[in-house]
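Enquirer: Mind looking over this structure? Questions follow.
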Amino acid sequence: MTPADDQAAVRAAAPPFKPLAQKPPSVTVERREDGSILVRSTHAPAEGPRSIAQLLADRAAAHPDRPYLFQREPNHGPWRGVTYGQAKQAADSIAQWLIDRGLTARDSVMVLSGNGLDHGLLMLGCYTAGVPIAPISPAYSLISTDHAKLKHCFATVRPKVVYAQDGVMFARAFETLRGLDPSLTFVVSDHAGEGMVDFSELMSVKPMPAVEASRARLGHDHVAKYLFTSGSTGMPKGVPQTHGMMAGVIAGQEGLRTEWPEEGEVTQSLEWMPWSHISAGNISFNGVLWGGGTLYLDEGKPIPGMFETTIKNLYEVSPAVFGSAPIAFAMLAEAMEKDPVLRASFFKNLKYMGYGGATLSNDIYDRMQALAIAETGHRMPLTTMYGATETQGITVVHWATERVGLVGLPLPGITIKLVPNGGKLEVRVKGPTVTTGYHNDAAKSAEAFDEEGFYKLGDAAKFLNPDDPNEGLVFDGRVTEDFKLDSGTWVSVGTLRPDVVAAATPYLQDVVIAGQDKPFIGVLAWPSAAGMAAASAAPGDGTPLEKLAGLVAEKLRAFNAEAGGSSRQVGRFVILAEPPSIDAGEITDKGYVNQRATLERRAELVKAIYAEPPGAGVVTLKA
């Protein structure tokens, strides 16, 4: 019996899943003569909100005293926040401040800092005033040495107002932007310096009838914000996000729901992922507002030294749904395996978990399920939503399944088109959640859509079971990332990367796959905190990195023995001592690694992997 057979047997004997209050998968499939396939849900979307601004007003009227948005005081102090009624009042004041300064839908407010209470209220105020908000990655201001992406984003949306939480922390970025436009207004919540407006001034303005008139005018076609892509193929592209796009996700998700909260039930959410991306800034933020829940802002991140903050918060906040990147689940599993008190708090109110942005490994899935069974007696549904900055969420796994790597099936109202491309099926999409194009970039907008108006995501997908489409679609890598070895064998990078990380658990954090036109697969690997700790404690001579390489080699040789052909076997690898660079585009602020940018920046290491003899630090696994 193979390890895969053993794993299947263990799962078959596992307790049942906790019920998931979602409709079962049901799609129609249209197969065309040109080989393309159209996939649509048979479930109808529900009626979503007219605008997010109107949604806030409706929720504030329904339950003005319900806790809404909270963050901690500095140094992990007590929670502070606002009720729904207070949030609406603050948004109206901010909207009036923007209207008084003559800002309109043709202008924008740029946000440089990360998630925060004032940032959230500013976002709601911009929505209410009909002025697009443009949150960008804080790394563009704080970590970047040349501010190239900051200046590019600024030039794309040309804001009249720039906000950051702290005037001292963002002083260098302010100086850069002031050099581009001396007429800018800078707003800060803390440490307002000369020429800066304190955020409290915005909150003190008395709303006038113009605010209600603005809210009443808003509809699905109005731009609510600009979000920027990760810039994996160049500078970030600005994507208009309309109220209709965000409402389309709500309507699609609501069309799948089978149960609703009981009267007075308030669900809790804990969010660390940045609002400069759709997952947290649109889907989670709007979902909490739609459900009338309470959103707690987590200042922790899934990196050593910061995940401890998330753990502290999870002792106090027991979320109904926990969604995050796979990297966070790996760290959470490790923490809960050592701490039953944390495990009890995490699972106390949990209905299901969700991951996104990358494929969750089987290893992490099994560890999370073992923890769920130990605490609750049943397995926990683990879902995922798939999409992009240009599309919002377009597919979702809305049923309990043991299979990781699924991208699910289309949300109600969405049409997915699978188009043959290089032996794979490229994913394209059309529907109310999809943007009409990039901001101030007609050329890239024209390239992004096909002749039928479907947006081209550049990803590949396939049916898990071609004979039963209702089992869902499986992510099949990036069309542009996959490559051929010199033998002509295709390597599916998107599926191999998580499998290699899982095979080397717990020693690796992430990997990048090399090997285009080469005789074998090479791997560039970043060590995990657990891996470095294990290597430092391991007996024998050598540096921790050298000892870690030996531990990883043992794991990957076992992986190769079961992997099959050359498209899955790792020939050589190297452990990376330098972390991924945000400036170079190797990693996003959500922790997602950019395969192409890493290979380009570390071209010398790639050469060392394929040199004869191999370069220093390169470990050979197979001849």
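The values are calculated or read from the model by the stated rules, or taken from the named source; none is laboratory data. Predicted, not measured: the structure shown is a model, and the values here were computed from it. Every residue, glycine as well, gets a Cβ built from its backbone with ideal geometry; the counts of neighbours run over all protein chains shown.
Enquirer: Taking the stretch 82-109, which residues are without any contact (Cβ under 8 Å) to a residue 60 or more places away in the chain, of a type in the set (Gly, Ala, Ser) and surrounded by fewer than 21 Cβ atoms within 10 Å (Cβ to Cβ)?
Expert: Hits for the stretch 82-109 are Gly85, Gly102.
Okay, residues lined up against (1) under 18 Å from Val397 (Cβ atoms); (2) among the acidic types (Asp, Glu); (3) at pLDDT below 90; (4) buried (at least 22 other Cβ atoms within 10 Å of the Cβ):
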site	(1), (2), (3), (4)
Thr436	no, no, no, no
Val479	no, no, yes, no
Phe483	no, no, yes, no
Thr505	no, no, yes, no
Val512	no, no, no, yes
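Enquirer: For the stretch 251-263, state whether one or more residues are modelled with pLDDT of 95 or more, crowded, with 20+ Cβ neighbours inside 10 Å and under 30 Å from Ile311 (Cα atoms).
Expert: Yes, the stretch 251-263 contains a residue that is modelled with pLDDT of 95 or more, crowded, with 20+ Cβ neighbours inside 10 Å and under 30 Å from Ile311 (Cα atoms).
Enquirer: Within 20 Å of the chain's Cα centre (by Cα) and crowded, with 17+ Cβ neighbours inside 10 Å: is that true of Gly292 in this structure?
Expert: When the stated conditions are applied, Gly292 does not pass them.
Each row is one residue, and each column tells you yes or no for (1) in contact with a Gly (Cβ under 6 Å, 6 or more places away or on another chain); (2) closer than 21 Å to His222 by Cα; (3) outside any loop (DSSP other than H, G, I, E, B); (4) modelled with pLDDT under 95.
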position	(1), (2), (3), (4)
Asn440	no, yes, no, yes
Leu457	no, no, yes, yes
Ala461	no, no, yes, yes
Asn470	no, no, yes, no
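Enquirer: Follow-up. Do we have any residue at all in the stretch 19-32 that's basic (Lys, Arg), surrounded by 13 or more Cβ atoms within 10 Å (Cβ to Cβ) and closer than 30 Å to Leu218 by Cα?
Expert: Checking the stretch 19-32: not a single residue is basic (Lys, Arg), surrounded by 13 or more Cβ atoms within 10 Å (Cβ to Cβ) and closer than 30 Å to Leu218 by Cα.
Enquirer: Take Ser137 and decide whether it is modelled with pLDDT of 95 or more and within 19 Å of Gly238 (Cβ to Cβ).
Expert: No, not satisfied.
Enquirer: In this structure, is Ser214 at pLDDT 95 or above and among the hydroxyl-bearing types (Ser, Thr, Tyr)? Before you say what the answer is, go through the steps one by one.
Expert: Values: at pLDDT 95 or above: yes; among the hydroxyl-bearing types (Ser, Thr, Tyr): yes.
Taking the combined requirement at face value, the residue satisfies it.
Enquirer: Name every residue in the stretch 244-272 that is of a type outside the set (Val, Ile, Thr) and either within 20 Å of the chain's Cα centre (by Cα) or in the same structural domain as Cys126 (by TED's automatic domain parsing) (or both), in order of residue number.
Expert: Scanning the stretch 244-272 gives Met245, Met246, Ala247, Gly248, Gly252, Gln253, Gln268, Ser269, Leu270, Glu271, Trp272.
Enquirer: Next question. With respect to Trp275, determine if the residue is more than 20 Å from the chain's Cα centre (by Cα), closer than 25 Å to His220 by Cβ and either assigned to a loop (DSSP other than H, G, I, E, B) or β-branched (Val, Ile, Thr) (or both).
Expert: Working: more than 20 Å from the chain's Cα centre (by Cα): no; closer than 25 Å to His220 by Cβ: yes; either assigned to a loop (DSSP other than H, G, I, E, B) or β-branched (Val, Ile, Thr) (or both): yes.
No.
Enquirer: Given the structure, is Ala192 under 23 Å from Ala134 (Cβ atoms) and surrounded by 21 or more Cβ atoms within 10 Å (Cβ to Cβ)?
Expert: Against the criterion (under 23 Å from Ala134 (Cβ atoms) and surrounded by 21 or more Cβ atoms within 10 Å (Cβ to Cβ)), Ala192 does not qualify.
Enquirer: In the stretch 406-424, which residue that is over 14 Å from Tyr386 (Cβ atoms) and assigned to a strand (DSSP E or B) is modelled with the lowest pLDDT?
Expert: Lys424
Enquirer: Here is a further query. Under 6 Å between Cβ atoms, which residue pairs at least 6 apart in sequence (or on different chains) link something in the stretch 170-199 that is assigned by TED's automatic domain parsing to the domain that holds Pro159 with a partner that is surrounded by 15 or more Cβ atoms within 10 Å (Cβ to Cβ) and among the acidic types (Asp, Glu)?
Expert: Listed pairs, sorted by first residue: Ser189/Asp118; Asp190/Asp166; His191/Asp166; Ala192/Asp198; Phe199/Asp118.
Enquirer: Looking at Ala538 and the list (1) more than 22 Å from Pro614 (Cα to Cα); (2) in contact with a strand residue (DSSP E or B) (Cβ under 6 Å, 6 or more places away or on another chain), which single condition is not satisfied?
Expert: (2)
Enquirer: Does Phe186 qualify as being over 22 Å from His147 (Cα atoms) and surrounded by 14 or more Cβ atoms within 10 Å (Cβ to Cβ)?
Expert: Answer is no for this residue.
Enquirer: Which ones in the stretch 391-405 are of a type outside the set (Gly, Ala, Ser) and either over 28 Å from Ala21 (Cα atoms) or surrounded by fewer than 23 Cβ atoms within 10 Å (Cβ to Cβ) (or both)?
Expert: If the condition is that a residue be of a type outside the set (Gly, Ala, Ser) and either over 28 Å from Ala21 (Cα atoms) or surrounded by fewer than 23 Cβ atoms within 10 Å (Cβ to Cβ) (or both), then Trp399, Thr401, Glu402, Arg403, Val404 are the ones that fit.
Enquirer: Can you tell me which residue within the stretch 195-206, out of those that are of a type in the set (A, V, I, L, M) and more than 23 Å from Lys151 (Cβ to Cβ), is surrounded by the most Cβ atoms within 10 Å (Cβ to Cβ)?
Expert: Applying the filter and picking the extreme gives Leu202.
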